[in-house]
Amino acid sequence: MVSLKKSTFILCFLFSYLSTNFFAHNSYFAFAEIEYKEKESKIEATLVLTAHDFEEFLKNSNRISSTLENALSDSVESEIILTEINQHFAISSGLIEFAKNQIKLKYDGYQLLLNGNIEFYFSAWNVLPQSAFTIHFDLLMDFFPEQQNKVTLIYRTKKRTCVFLRNTPIQSIELN
């Protein structure tokens, strides 16, 4: 009888250990790379998210009813997903008046990667920046309190990176 209790305890402990160490999700992270192509007056942006985190957020907030991949092939749910992205990932030209100078990003597509990430592609033409780009990037931060986002801006030969946290959802990157 003692061995049954002991083996039950060991199994419970092992299950608990595996659950917390192998299935735990200690950090939430999204990344965007924005490249400004000066000669073309064009922005190309790639937004990278962990697909299961984004899907969990969309399902729990009742924005989609199926898997992320199926939702992206449905015109209604796809539009809901893009609206969500556009509300939480935006670029503005300049340091002030974000809404007035916001750049309209055109959705170019997505790719679901084998590593569990999903990449969304955006572009914008006729972009004439002032002295900086201001970026709003608080995607998933309301749902995952530990969410951290990062943007790398490529301009000419330089790369500049900003980290976005709940208390700093908007950052400006000067172009000098």
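Quick one: dipole size for the range 27-174, taken about the Cα centre, charges +1 on Lys/Arg Cβ and -1 on Asp/Glu Cβ, in debye to the nearest 20.
My answer is approximately 680 debye.
What nm value, rounded to one decimal, do you get for the distance between Arg156 and Thr46 when each label is placed 7 Å out toward the C-beta?
Label-label distance for Arg156 and Thr46, simple model: 2.4 nm.
Quick one: if the Förster radius is 22 Å, what FRET efficiency do Asn167 and Ile96 give, using the C-beta to C-beta distance and rounding to 0.05?
Between Asn167 and Ile96 the formula returns 0.60.
Using square roots of five times the C-alpha gyration tensor eigenvalues, list the equivalent-ellipsoid semi-axes of the range 27-174 in whole Å, biggest first.
Over the Cα atoms of the range 27-174, the ellipsoid semi-axes are 26, 17, 14 Å.
Which whole-angstrom value gives the distance between the alpha carbon centres of the range 100-176 and the range 48-75?
Cα centroid of the range 100-176 versus Cα centroid of the range 48-75: 20 Å apart.
Using 25 Å as the Cα-Cα cut-off, could you pick out the over-long pairs in Lys42/Lys150; Lys59/Lys100; Lys42/Lys158; Lys100/Lys158?
From Lys42/Lys150; Lys59/Lys100; Lys42/Lys158; Lys100/Lys158, over 25 Å: Lys59/Lys100; Lys100/Lys158.
Work out the FRET efficiency for Asn62 and Leu112 from their Cβ-Cβ distance, taking R0 = 25 Å, and round it to the nearest 0.05.
0.70
Using a basic spin-label model with each label point 7 Å from the Cα along Cα→Cβ, how many nm lie between Asp142 and Glu35?
Between Asp142 and Glu35, the label points sit 3.3 nm apart.
For Gln130, what residues show an amide H to amide H distance below 5 Å, using hydrogens built from the backbone and excluding near sequence neighbours?
It is Gly94, by chain and number.
Rule-based calculations on the coordinates, nothing more; no lab input. None of the values given here were measured: they were computed from a predicted structure. A quick note on method: Cβ atoms are made from the backbone with ideal geometry, for glycine too, and the neighbour counts reach across all protein chains shown.
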